[in-house]
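The values are calculated or read from the model by the stated rules, or taken from the named source; none is laboratory data. Note that the coordinates shown come from a computational prediction; the quantities given were computed from them, not determined experimentally. Cβ coordinates were reconstructed from backbone atoms using ideal geometry, including for glycine residues, and neighbour counts include every protein chain displayed.
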Amino acid sequence: MKGKRFLGKGVIFLVAAALIFSFGGMAYAKKPIKIGSVYILSGFAATYGKFAKNGLNLAVHEINKAGGVLGRPLKVTFEDSRAKPPVALRAFRKLVYEEKVDALIGLDSSGVALSVVPVLKELKTPLIITHAATPDVTGKKCNRYAFRVSANLNQNVQVAARIAAKTGAQKWTTIGPDYAFGHQTWEYFQKYLKAINPKATFLKTTAFPKIATEDYTPYITTIMNAKPDGVVISLWSGDLINFVRQASKLGFFKAKFKVLMTLGAATEVLYALKDKMPTGVWVGTRYWFLANNTKVNKKFIVSYKKKYHAYPSYNAQDSYAAVYVLKAAIEKAGKVDKEAIVKALEGLKVEAPVGKLWIRPGDHQALLDVSWGKTAADAKYPIRILKPIVTFKGADITPKVSETGCKK
């Protein structure tokens with residue numbers, strides 16, 4: 001009797017093992033393809049990192065459920081950059097040298113990206129950037145291992161300038177974070193707007209508060225007292241949320257000047273502010289979930305909302321798209337090899353929720369459409385939506401490779 005029971009358990013174990021290893025087309029019996037991911041997962045912009053993590057995990061889940069890539073499952077390891085270059089560099093080295101990852105995805109801060117990208121030559125591992133927007137990482141600091149699948153500052157600010165030119169405002173100033181992203185936004189905004197409207201002028205009175213500033217009152221009053229016709233705001237995440245709350249109390253959005261927020265349509269910000277986000281303000285984003293009516297986008301929105309009970313942000317879309325871009329590159333290469341993946345990424349075309357994107361071989365910057373809109377209330381949504389929505393073609397708002405300074 002005991003022997004029969006023992007035999008029965010053995011048979012059950014063998015059957016269970018066979019089922020486990022056959023599940024997903026043998027994907028789980030094979031060595032996983034390792035992805036290392038670094039985002040801001042704590043501090044003032046942790047919500048951005050959370051949305052990016054959600055999008056990435058959703059893509060990994062979908063791909064693994066469908067059998068993986070080349071019959072192998074994807075496995076991702078996350079690290080927190082804390083928005084600090086030294087911390088991010090340690091995280092990337094750990095992922096490459098200890099975790100032995102096959103590819104890297106991530107980065108929120110432009111300041112962090114400027115420190116990390118040059119080190120990729122040492123790490124010899126492809127990095128797909130999904131958020132950090134400084135033009136330099138696909139410009140003068142570009143290298144063969146750095147790729148970006150999201151809109152960069154050049155592309156987004158080009159749109160801002162075109163919208164600014166149509167507002168009728170002539171005298172402009174800015175409020176932005178005191179590091180590369182804020183200063184470069186202002187630099188490019190002046191360049192692009194001047195080219196469209198030679199009569200535009202730019203005040204010497206500007207505001208560049210430090211990251212994670214708590215009291216924006218001095219900056220708000222300084223800008224209001226300067227009496228501009230228009231203000232372009234490049235604050236983001238928790239900084240933008242705090243700014244909007246404080247600025248609203250001071251009458252900033254009821255003043256006569258025009259306001260443009262380059263990242264005001266990030267759903268992380270819209271969810272935090274809800275009806276406290278003023279209406280009628282021009283806002284930008286790198287993906288707007290209602291701007292693209294394709295099957296790919298509709299499927300993504302439904303899947304994301306079902307899993308996370310929120311509408312996806314550009315951070316979620318960008319990280320989600322990055323995983324599918326990596327999948328396409330590995331399949332194009334036919335093997336999991338870092339140098340082969342790099343070669344396959346160059347010139348790759350993929351349809352993502354944001355639309356069709358093409359990674360230019362010359363600078364590794366993706367060309368994709370960019371949408372802006374005016375904030376509006378709609379009872380069907382728990383957040384402000386964009387109405388109207390204006391979309392600009394990537395090819396029309398992206399400098400030529402010869403103009404970027406990229407020399408790989």
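Considering only the range 196-205, I want to know if a residue exists there that is out of contact with any Leu (no Cβ under 6 Å at 6 or more places or on another chain), crowded, with 20+ Cβ neighbours inside 10 Å and assigned by TED's automatic domain parsing to the domain that holds ALA272. There is no residue in the range 196-205 that is out of contact with any Leu (no Cβ under 6 Å at 6 or more places or on another chain), crowded, with 20+ Cβ neighbours inside 10 Å and assigned by TED's automatic domain parsing to the domain that holds ALA272. More than 14 Å from GLN155 (Cα to Cα) and of a type in the set (S, T, N, Q): is that true of THR375 in this structure? Yes: the conditions hold for THR375.
Within the range 361-377, being over 29 Å from ARG144 (Cβ atoms), touching a Lys or Arg at 6+ places or on another chain (Cβ under 7 Å) and not polar (S, T, N, Q) holds for GLY373, LYS374, ALA376, ALA377. Close Cβ contacts (under 6 Å, 6 or more residues apart or on different chains) running from residues in the range 86-97 that are modelled with pLDDT of 95 or more to residues that are outside any helix (DSSP H, G or I) and of a type in the set (Val, Ile, Thr) comprise ALA88/VAL38; ALA91/VAL38; LEU95/VAL101; VAL96/THR125. Using the structure shown, decide if ALA133 is crowded, with 24+ Cβ neighbours inside 10 Å, touching a Leu at 6+ places or on another chain (Cβ under 6 Å), assigned by TED's automatic domain parsing to the domain that holds TYR48 and small (Gly, Ala, Ser). Yes, satisfied.
On inspection, LYS305 passes the criterion of being of a type outside the set (Asp, Glu) and either part of a loop (DSSP other than H, G, I, E, B) or within 14 Å of GLY55 (Cβ to Cβ) (or both). The number of residues in the range 353-392 being hydrophobic (A, V, I, L, M, F, W, C), assigned to a loop (DSSP other than H, G, I, E, B) and over 18 Å from the mean Cα position of the chain (by Cα) comes to 3.
What do you reckon, is PRO361 surrounded by fewer than 15 Cβ atoms within 10 Å (Cβ to Cβ), touching a strand residue (DSSP E or B) at 6+ places or on another chain (Cβ under 9 Å) and at pLDDT 95 or above? Against the criterion (surrounded by fewer than 15 Cβ atoms within 10 Å (Cβ to Cβ), touching a strand residue (DSSP E or B) at 6+ places or on another chain (Cβ under 9 Å) and at pLDDT 95 or above), PRO361 does not qualify.
Residues checked against (1) in a helix (DSSP H, G or I); (2) farther than 22 Å from ILE40 by Cβ:
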| site | (1), (2) |
| --- | --- |
| PRO218 | yes, yes |
| THR221 | yes, yes |
| VAL231 | no, yes |
| LEU235 | no, no |
| LEU240 | yes, no |
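Selection over the range 22-72 of residues that are at pLDDT 95 or above, among the β-branched types (Val, Ile, Thr) and under 15 Å from the mean Cα position of the chain (by Cα) gives a count of 2. Within the range 292-315, does at least one residue satisfy the condition of being in contact with a strand residue (DSSP E or B) (Cβ under 6 Å, 6 or more places away or on another chain), in contact (Cβ under 8 Å) with a residue 24 or more places away in the chain and over 15 Å from LEU56 (Cα atoms)? Looking for residues that are in contact with a strand residue (DSSP E or B) (Cβ under 6 Å, 6 or more places away or on another chain), in contact (Cβ under 8 Å) with a residue 24 or more places away in the chain and over 15 Å from LEU56 (Cα atoms), one finds at least one in the range 292-315, hence yes. For the range 157-190, the tally of residues that are in contact with a helix residue (DSSP H, G or I) (Cβ under 8 Å, 6 or more places away or on another chain) and either assigned to a helix (DSSP H, G or I) or surrounded by fewer than 21 Cβ atoms within 10 Å (Cβ to Cβ) (or both) stands at 15. Out of the residues in the range 113-130 meeting the condition of being touching a strand residue (DSSP E or B) at 6+ places or on another chain (Cβ under 7 Å) and part of a loop (DSSP other than H, G, I, E, B), tell me which one is surrounded by the most Cβ atoms within 10 Å (Cβ to Cβ). Filtering first and then ranking leaves THR130. Here TYR304 qualifies as assigned by TED's automatic domain parsing to the domain that holds PRO135, buried (at least 18 other Cβ atoms within 10 Å of the Cβ) and at pLDDT 95 or above. In the range 32-47, of all residues being of a type in the set (A, V, I, L, M) and assigned to a loop (DSSP other than H, G, I, E, B), the one that is farthest from VAL69 (Cα to Cα) corresponds to ALA45.
Tell me which of these ALA340 doesn't satisfy, since it passes every other one: (1) over 16 Å from the mean Cα position of the chain (by Cα); (2) at negative phi; (3) not in a helix (DSSP H, G or I). Among (1) over 16 Å from the mean Cα position of the chain (by Cα); (2) at negative phi; (3) not in a helix (DSSP H, G or I), the lone unmet condition for ALA340 is (3).
Among the residues making up the range 140-156, those that are assigned to a loop (DSSP other than H, G, I, E, B) and touching a Leu at 6+ places or on another chain (Cβ under 7 Å) are LYS141, ASN143, TYR145, VAL149, ALA151.
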